[in-house]
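Below is one structure, written out as structure tokens; comments come after it.
FYI, it's all coordinate maths here, none of it is from the lab. Quick caveat: nothing in here was measured; it's all calculated off a predicted structure. Counting neighbours? That spans all protein chains shown, and the Cβs are built from the backbone with ideal geometry, glycine included.
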Ligand SMILES: [Zn+2]
């Protein structure tokens, strides 16, 4: 099997790592903020037990937890990307091993799959 190693130059990787670490930190802070806003988290509930308030709290909780899981996913993506950079696998499709289009990476820094594999995954997912 042919070694599929395209090394991105350090001049690209270093700022990328710095950026991703900054993003990770920012996302963690966002997650903490969202947790504070969630009325279902102990200590956050107000004493108003009217139906309107309950409904509003449920909506707020759903919104907050949906956003939190999105943030969590982004943090995981960043962590995986940082690992791939360390392993020298950044920019290589995790599925087929081909190089991911740099245009794609430009808009999605944490892209793990090439366009074709991503599309195939989406299809499978329905
Ligand atoms: Zn692929």
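Numbers for the structure displayed
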quantity	calculated
Relative packing of 70-81, 54-65, 9-20, which averages over residues the other C-beta atoms within 10 Å, highest first	70-81, 54-65, 9-20
Mean Cα-pair separation over length for the chain, i.e. relative contact order, pairs under 8 Å, 6 or more apart, %	23
Kirkwood Rh in Å, taken over the range 9-90 so that all alpha-carbon pairs contribute	14.7
Projected label distance in nm at residue 72 and residue 19, using a 7 Å step from Cα toward the beta-carbon	2.7
